1. Looking only at region 54-82, count every residue that is over 18 Å from Val33 (Cβ atoms), touching a residue at least 12 places away in the same chain (Cβ under 8 Å) and touching a helix residue (DSSP H, G or I) at 6+ places or on another chain (Cβ under 8 Å) and tell me the total.
2. Which ones in region 104-126 are of a type in the set (A, V, I, L, M, F, W, C) and under 17 Å from Arg67 (Cα atoms)?
3. Could you tell me which residue of region 42-53 is surrounded by the fewest Cβ atoms within 10 Å (Cβ to Cβ), considering only residues that are out of contact with any helix residue (DSSP H, G or I) (no Cβ under 7 Å at 6 or more places or on another chain) and part of a loop (DSSP other than H, G, I, E, B)?
4. Quick one: what pairs do we get from region 21-34, first residue touching a residue at least 24 places away in the same chain (Cβ under 8 Å), second among the polar types (S, T, N, Q) and outside any strand (DSSP E or B), C-beta under 6 Å, 6+ apart or different chains?
5. Would you pick out the residues in region 54-82 that are surrounded by fewer than 15 Cβ atoms within 10 Å (Cβ to Cβ) and either in a strand (DSSP E or B) or modelled with pLDDT of 90 or more (or both)?
6. When you check Ile25 against the structure, is it modelled with pLDDT under 95 and either in a strand (DSSP E or B) or out of contact with any Ser or Thr (no Cβ under 6 Å at 6 or more places or on another chain) (or both), yes or no?
7. In region 133-151, what residues are within 14 Å of Thr24 (Cβ to Cβ) and either touching a Lys or Arg at 6+ places or on another chain (Cβ under 7 Å) or not in a helix (DSSP H, G or I) (or both)?
8. Quickly run through region 106-159 and pick out the residues that are free of Cβ contacts under 8 Å to residues at least 12 places away in the same chain and loosely packed, with under 12 Cβ neighbours inside 10 Å.
Amino acid sequence: MAGKVDFAIGFEDEVTPPRRGINTIECFEDNYVVAVRQGHPFIRDALTYEDYLRVGHVVVNPWNEQRGVIDRILDAQGIQRKVVVELPSLMTAPLIIASTDLAIALPQRAVTSLFGAADLKIFPTPFPTPHYALRVYYNPALANSAGHQWLREQIVQVV
């Protein structure tokens with residue numbers, strides 16, 4: 001951050017390497033879930049591993065990463081999911097999931113807050129996934145600044 005940035009907000013998971021020389025405050029921690037529409041033709045009361053691999057997936061990729069967290073987990077098992085739609089943002093994902101037979105894996109908080117009006121079924125992932133944490137990152141030199149402390153607290157409360 002080199003003293004030019006007061007803070008940054010970003011996510012971290014258990015597979016993300018720790019950042020050295022940067023202080024962090026956790027805003028919240030979350031788990032990944034899978035969402036499908038009510039009335040899905042073959043995912044009804046439970047989501048099996050086989051169902052997860054059979055269904056087509058929507059992937060949200062705002063940073064244009066080659067492989068996201070879920071895909072890296074599946075890659076380690078030598079498995080690929082069927083990605084049918086890749087989106088640069090979450091904005092259209094609720095409409096796509098609610099009106100198709102596709103699935104999406106996201107942190108639960110994102111699904112419940114952004115997909116709230118959609119009639120969805122939400123399941124835990126059928127395989128272990130890392131926790132998702134949203135954090136505020138800041139320069140250690142600002143740790144004792146009263147104004148900076150206040151602003152960090154406000155951010156954590158809002159998020």
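1. Summing the residues that are over 18 Å from Val33 (Cβ atoms), touching a residue at least 12 places away in the same chain (Cβ under 8 Å) and touching a helix residue (DSSP H, G or I) at 6+ places or on another chain (Cβ under 8 Å) in region 54-82 gives 2.
2. Selection gives Ile104, Ala105, Leu106.
3. Here the answer is Asp45.
4. Listed pairs, sorted by first residue: Asp30/Gln108; Asn31/Gln108; Tyr32/Thr125; Tyr32/Thr129; Val33/Gln108; Val34/Thr125.
5. Once the filter is applied, which keeps residues that are surrounded by fewer than 15 Cβ atoms within 10 Å (Cβ to Cβ) and either in a strand (DSSP E or B) or modelled with pLDDT of 90 or more (or both), region 54-82 yields Arg54, Gly56, Arg72, Asp75, Ala76, Gln77, Gly78, Ile79, Gln80, Lys82.
6. Yes; evaluated as a whole, the condition is true for this residue.
7. If the condition is that a residue be within 14 Å of Thr24 (Cβ to Cβ) and either touching a Lys or Arg at 6+ places or on another chain (Cβ under 7 Å) or not in a helix (DSSP H, G or I) (or both), then Ala133, Leu134, Arg135, Val136, Tyr137, Tyr138, Asn139, Ala143 are the ones that fit.
8. Ser113, Gly116, Asn144, Ala146, Gly147, Trp150, Gln154, Gln157, Val158
The values are calculated or read from the model by the stated rules, or taken from the named source; none is laboratory data. All figures in this text were calculated on a predicted structure; none of them were measured in a lab. Note that we place each Cβ from the backbone using ideal geometry, even for glycine, and neighbour counts take in every protein chain shown.
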